[in-house]
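So the structure is just underneath, and the comments pick up after that.
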Amino acid sequence: MTARTPVLRIRGPHRSTRPDTVASEEPLEIRLDGKPLAVTMRTPGHDFDLVHGFLATEGVIRTPDDVAALRYCDSVDDEGRNTYNVVDVDLAPGVPVPDTALERNFYTTSSCGVCGKASIDAIRTRTTFDVAADPVRVDLDVLLALPDRLRAAQEVFEKTGGLHAAGLFTADGELVCVREDVGRHNAVDKVVGDAVRAGRLPLAGHVLMVSGRTSFELMQKSAMAGIPVLAAVSAPSSLAVELAEATGTTLVGFLRGDGCNVYAGAHRVV
């Protein structure tokens, strides 16, 4: 998940050349039955979780049984070594293969994609989990403790300072899963994919905590996984707020120190 690179270190009048640790970033191509579906720029590691999470949050699969087989393809570099940057997925019989001609462009970068307001209705149609009906309540003190708990679990961030994180917590603040990646959406997909592979969807009664801001795409992934509470240390976008309201998700932003802003679903914060 990391690489070493030489840097010129400048501190006031002092300059020195030294090796530094940076977060790894490489492309991952996802194929369905041998046909390209998506490419994402990600930090290598937990790739199969990422693929399961991506397919689940895009509405392609719901359970681990929807995937018949999953494997790395023989993609090689100039020296003939497997790059482990292509994953081929065989869907189980009866699982519809998405028509890529009708889908949005699945190419994503390490930042978040562009989505229109019409996507809100599309997501409400595609998700099969009733987030609005989730009766979970989360104590404010539990929420306020999550940023520190997430940071404490970020092993690679401490080395590089260059990775986002997503953490899945119970309503009592117990850490269930944490993943790090150069992209917030990849970190979320890895967390969701871990749950998919364990057969734990929907993630009712849980809180998803993310570093950085909350985009429409992260809100989409949370809703598609059936998560009732999404919290972040920074602000949400306007479309993220609209989607939270439409799906009945509790959306928390600026979760720092002794305070936060609740943008939707305030009844769950007690």
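The values are calculated or read from the model by the stated rules, or taken from the named source; none is laboratory data. Being a predicted model, the structure only gives us computed values, none of them experimental. Counting neighbours? That spans all protein chains shown, and the Cβs are built from the backbone with ideal geometry, glycine included.
Residues are listed down the side, and each one gets a yes or a no for (1) modelled with pLDDT under 95; (2) over 17 Å from THR214 (Cβ atoms); (3) over 19 Å from the mean Cα position of the chain (by Cα); (4) not in a helix (DSSP H, G or I):
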| position | (1), (2), (3), (4) |
| --- | --- |
| ALA145 | no, yes, yes, no |
| LEU150 | no, no, no, no |
| VAL156 | yes, yes, no, no |
| GLY162 | yes, yes, no, yes |
| GLY167 | no, no, no, yes |
| ASP172 | no, yes, yes, yes |
| ARG179 | no, no, no, yes |
| HIS185 | no, no, no, no |
| ASP189 | no, no, no, no |
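Scanning the range 184-207 for residues that are surrounded by 24 or more Cβ atoms within 10 Å (Cβ to Cβ) and under 20 Å from PRO44 (Cβ atoms) yields ARG184, HIS185, ASN186, ALA187, VAL188, ASP189, LYS190, VAL191, VAL192, GLY193, VAL196. Of the numbered criteria (1) farther than 16 Å from PRO98 by Cβ; (2) modelled with pLDDT under 95; (3) in contact with a Pro (Cβ under 9 Å, 6 or more places away or on another chain), the one VAL22 fails is (3). Among the residues of the range 249-261, those that are surrounded by fewer than 16 Cβ atoms within 10 Å (Cβ to Cβ) and either assigned to a strand (DSSP E or B) or of a type in the set (A, V, I, L, M) (or both) comprise ARG256, GLY259, ASN261. The number of residues in the range 86-101 that are among the hydrophobic types (A, V, I, L, M, F, W, C) and either loosely packed, with under 15 Cβ neighbours inside 10 Å or on the phi > 0 side of the Ramachandran plot (or both) comes to 3.
If the condition is being part of a strand (DSSP E or B) and within 23 Å of the chain's Cα centre (by Cα), then the range 69-94 contributes ALA69, LEU70, ARG71, TYR72, VAL86, VAL87, ASP88, VAL89, ASP90, LEU91.
What pairs can you find where one residue is in the range 21-49 and part of a strand (DSSP E or B), the other is among the aromatic types (Phe, Trp, Tyr), and their Cβ atoms are less than 6 Å apart, with a gap of 6+ or different chains? From the range 21-49, the pairs are LEU37/PHE106; ALA38/PHE106; VAL39/TYR107. Does the range 200-215 include one or more residues that are farther than 17 Å from VAL142 by Cα, in a loop (DSSP other than H, G, I, E, B), in contact with a Cys (Cβ under 7 Å, 6 or more places away or on another chain) and touching a residue at least 60 places away in the same chain (Cβ under 8 Å)? Yes, the range 200-215 contains a residue that is farther than 17 Å from VAL142 by Cα, in a loop (DSSP other than H, G, I, E, B), in contact with a Cys (Cβ under 7 Å, 6 or more places away or on another chain) and touching a residue at least 60 places away in the same chain (Cβ under 8 Å). Taken together, the residues in the range 233-248 that are free of Cβ contacts under 8 Å to residues at least 60 places away in the same chain and not in a loop (DSSP other than H, G, I, E, B) amount to 6. Annotation: of all residues in the range 43-85 being among the basic types (Lys, Arg) and farther than 21 Å from ALA122 by Cα, the one that is surrounded by the most Cβ atoms within 10 Å (Cβ to Cβ) is ARG71. Counting only residues that are crowded, with 17+ Cβ neighbours inside 10 Å and charged (D, E, K, R), the range 32-42 holds 1 of them. Test of understanding: among ALA232, ALA246, ALA223, ALA266, which residue is farther than 22 Å from VAL196 by Cα and surrounded by 24 or more Cβ atoms within 10 Å (Cβ to Cβ)? Criteria check complete, one pass: ALA232.
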